[in-house]
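*Asks:* Below you'll find the structure I mean.
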Amino acid sequence: MTRRTPSRAADRFSERLLAWWDVHGRKDLPWQHEPTPYRVWVSEIMLQQTQVSTVIPYYQRFMQRFPEVTTLADAPADEVLRHWSGLGYYARARNLHRGAQLIRDVFHGELPRDHATLLELPGIGRSTAGAILALALGQHHPILDGNVKRVLTRYHGIEGWPGVKQVEALLWEVAARHTPALRSDHYTQAIMDFGATLCTRSRPSCELCPVGADCIARAENRVALIPTPKPRRALPVRSTQMLLLRKADAVLLMKRPPAGIWGGLWSLPECPAQTDVAAWCREQLRCEVVDATRWTPLRHTFSHFHLDIQPVLARYASDVDVIMDGPGTVWYNLDAPPPGGLAAPVQQLLTQLNSSLT
């Protein structure tokens with residue numbers, strides 16, 4: 001599985017990486033200014049499966065609205081999700097909000113400063129906990145995010161998908177041996193920066209690599225083959241109809257259940273793909289709709305399935321407004337701020353509707 005066990009090589013690796021970072025590393029990211037545990041925590045959660053360039057404006061807006069953990073804990077869930085809209089993976093925002101409430105109620109408004117206790121908070125795993133404590137407090141903890149896995153598998157020539165338990169265990173061992181006791185915060189940032197800017201997934205800049213002289217994947221011309229990709233499987237396809245029900249200048253939004261896909265977000269009413277829209281609205285919403293028009297379908301892909309969406313625009317035509325505003329239903333004016341977080345395809349359809357009306 002691997003051709004080298006780090007010993008003195010571990011020291012050379014960290015020394016060279018730190019020397020590279022001192023000159024080329026990123027040192028002006030928003031969360032690097034006043035890197036409190038709270039600020040680093042928010043950034044680490046946002047950066048999960050999301051690029052730095054995408055995260056920066058979201059992080060800045062989020063921190064402006066929720067500058068302290070108690071501010072986040074006290075905020076309504078809808079407002080937290082609204083500030084997350086567009087970042088995706090909304091369970092991250094829900095976990096962040098729940099974690100802030102636990103910190104307020106159980107830990108007296110301060111993030112725990114030991115690794116084991118941090119792991120008790122929702123959405124924080126071993127690598128995220130290590131990153132928070134290393135970057136904010138300089139504690140000595142290894143991390144193993146996607147960038148680090150890619151760097152270490154190439155450097156050590158480790159084959160096998162990193163999601164396999166045996167491979168992951170080896171990577172944790174290697175990561176721990178490489179992490180220096182001194183400058184753990186700089187090393188943690190350095191290896192993340194290195195993976196994000198030089199040792200990238202495609203077209204890595206091997207000619208600029210500070211550790212390339214010892215890299216097994218480079219020596220054996222296997223950089224493009226490592227890390228071993230996740231075994232591919234065909235994603236199942238689900239279908240739905242999303243209804244844009246208009247009443248004057250407003251469109252009907254309904255809040256999704258707190259758990260599951262798009263949990264807690266505001267969405268458009270949905271009915272099964274082959275269902276007659278007018279009959280469904282009559283039965284489920286107790287209203288009449290007319291002028292139903294099918295828009296061009298769109299596909300939204302989740303990690304474990306494709307969702308084919310058939311948008312249908314229709315006009316609310318009941319004489320009496322039987323759909324009343326409430327905690328889970330609202331007639332939303334397209335010119336107003338949304339009531340909470342919106343899933344990406346819902347935002348796309350609302351933007352399309354608004355454009356068609358102007």
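The values are calculated or read from the model by the stated rules, or taken from the named source; none is laboratory data. The structure displayed is predicted, hence computed values, not measured ones. Because the Cβ atoms are built from the backbone with ideal geometry, glycine has one as well, and the counts that use them run over all protein chains shown.
*Asks:* Out of everything in the stretch 262-293 that is in a strand (DSSP E or B) and surrounded by 12 or more Cβ atoms within 10 Å (Cβ to Cβ), what residue ends up being farthest from the chain's Cα centre (by Cα)?
*Replies:* Applying the first criterion (in a strand (DSSP E or B)) to the stretch 262-293 yields 266-267, 270-271, 289-293.
Add one more test, that the residue is surrounded by 12 or more Cβ atoms within 10 Å (Cβ to Cβ), and what stays is 266-267, 270-271, 289, 292.
Working: Trp266: 18, Ser267: 19, Glu270: 25, Cys271: 28, Val289: 37, Ala292: 35 Å.
It comes out as Val289.
*Asks:* Regarding Tyr59, is this residue within 26 Å of Ser303 (Cβ to Cβ), surrounded by fewer than 20 Cβ atoms within 10 Å (Cβ to Cβ) and either outside the structural domain of Pro327 (by TED's automatic domain parsing) or not basic (Lys, Arg) (or both)?
*Replies:* Working: within 26 Å of Ser303 (Cβ to Cβ): yes; surrounded by fewer than 20 Cβ atoms within 10 Å (Cβ to Cβ): no; either outside the structural domain of Pro327 (by TED's automatic domain parsing) or not basic (Lys, Arg) (or both): yes.
It is false that Tyr59 is within 26 Å of Ser303 (Cβ to Cβ), surrounded by fewer than 20 Cβ atoms within 10 Å (Cβ to Cβ) and either outside the structural domain of Pro327 (by TED's automatic domain parsing) or not basic (Lys, Arg) (or both).
*Asks:* For Ala9, work out the one condition from (1) over 27 Å from Arg177 (Cβ atoms); (2) among the aliphatic types (A, V, I, L, M); (3) at pLDDT below 95; (4) assigned to a helix (DSSP H, G or I) it doesn't fulfil.
*Replies:* Looking at each condition in turn, Ala9 falls short on (1).
*Asks:* Could you run through the stretch 331-354 and say how many residues are in contact (Cβ under 8 Å) with a residue 40 or more places away in the chain and either part of a helix (DSSP H, G or I) or of a type in the set (Phe, Trp, Tyr) (or both)? Quick ask: steps written out before the conclusion?
*Replies:* Taking the stretch 331-354 and keeping what is in contact (Cβ under 8 Å) with a residue 40 or more places away in the chain, we get 331-335, 337-350, 352-353.
Subsequent filtering for residues that are either part of a helix (DSSP H, G or I) or of a type in the set (Phe, Trp, Tyr) (or both) retains 331-332, 344-350, 352-353.
Residues that pass the stated criteria total 11.
*Asks:* Considering Leu182, Leu243, which residue is at pLDDT 95 or above and more than 20 Å from Val151 (Cα to Cα)? Reasoning before the result, please.
*Replies:* Details: Leu182 fails: at pLDDT 95 or above.
Going through Leu182, Leu243 in turn, the sole match is Leu243.
*Asks:* I'm trying to understand the selection: among the residues of the stretch 228-261, which are among the small types (Gly, Ala, Ser) and in a strand (DSSP E or B)?
*Replies:* First pass over the stretch 228-261, keeping only residues among the small types (Gly, Ala, Ser): 234, 239, 248, 250, 259-260.
Ser239, Ala250 - these are the residues of the stretch 228-261 that are among the small types (Gly, Ala, Ser) and in a strand (DSSP E or B).
*Asks:* If you don't mind, another one. Just checking, does the stretch 217-226 include any residue being under 26 Å from the mean Cα position of the chain (by Cα), in a strand (DSSP E or B) and touching a residue at least 40 places away in the same chain (Cβ under 8 Å)?
*Replies:* Checked the stretch 217-226: no residue is under 26 Å from the mean Cα position of the chain (by Cα), in a strand (DSSP E or B) and touching a residue at least 40 places away in the same chain (Cβ under 8 Å).
Yes/no per residue for (1) crowded, with 23+ Cβ neighbours inside 10 Å; (2) closer than 19 Å to His186 by Cα; (3) assigned by TED's automatic domain parsing to the domain that holds Ala344:
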position: Gln51; (1), (2), (3): no, no, no
position: Thr54; (1), (2), (3): no, no, no
position: Gly88; (1), (2), (3): no, no, no
position: Leu96; (1), (2), (3): yes, no, no
position: Arg104; (1), (2), (3): no, no, no
position: Leu119; (1), (2), (3): no, no, no
position: Ala131; (1), (2), (3): yes, yes, no
position: Leu137; (1), (2), (3): no, yes, no
position: Asp145; (1), (2), (3): no, yes, no
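*Asks:* When you go through Ala19, Ala73, Ala77 one by one, which is the residue that is of a type in the set (A, V, I, L, M) and either free of Cβ contacts under 8 Å to residues at least 60 places away in the same chain or outside the structural domain of Asp114 (by TED's automatic domain parsing) (or both)? Let's see the steps before the verdict.
*Replies:* Values: Ala19 fails: either free of Cβ contacts under 8 Å to residues at least 60 places away in the same chain or outside the structural domain of Asp114 (by TED's automatic domain parsing) (or both); Ala77 fails: either free of Cβ contacts under 8 Å to residues at least 60 places away in the same chain or outside the structural domain of Asp114 (by TED's automatic domain parsing) (or both).
One residue alone meets the criteria, Ala73.
*Asks:* Could you identify the single residue in Arg61, Arg82, Arg104 that is touching a residue at least 60 places away in the same chain (Cβ under 8 Å), not in a loop (DSSP other than H, G, I, E, B) and not β-branched (Val, Ile, Thr)? Full working, then the answer.
*Replies:* Numbers: Arg61 fails: touching a residue at least 60 places away in the same chain (Cβ under 8 Å); Arg104 fails: touching a residue at least 60 places away in the same chain (Cβ under 8 Å).
So the residue among Arg61, Arg82, Arg104 that is touching a residue at least 60 places away in the same chain (Cβ under 8 Å), not in a loop (DSSP other than H, G, I, E, B) and not β-branched (Val, Ile, Thr) is Arg82.
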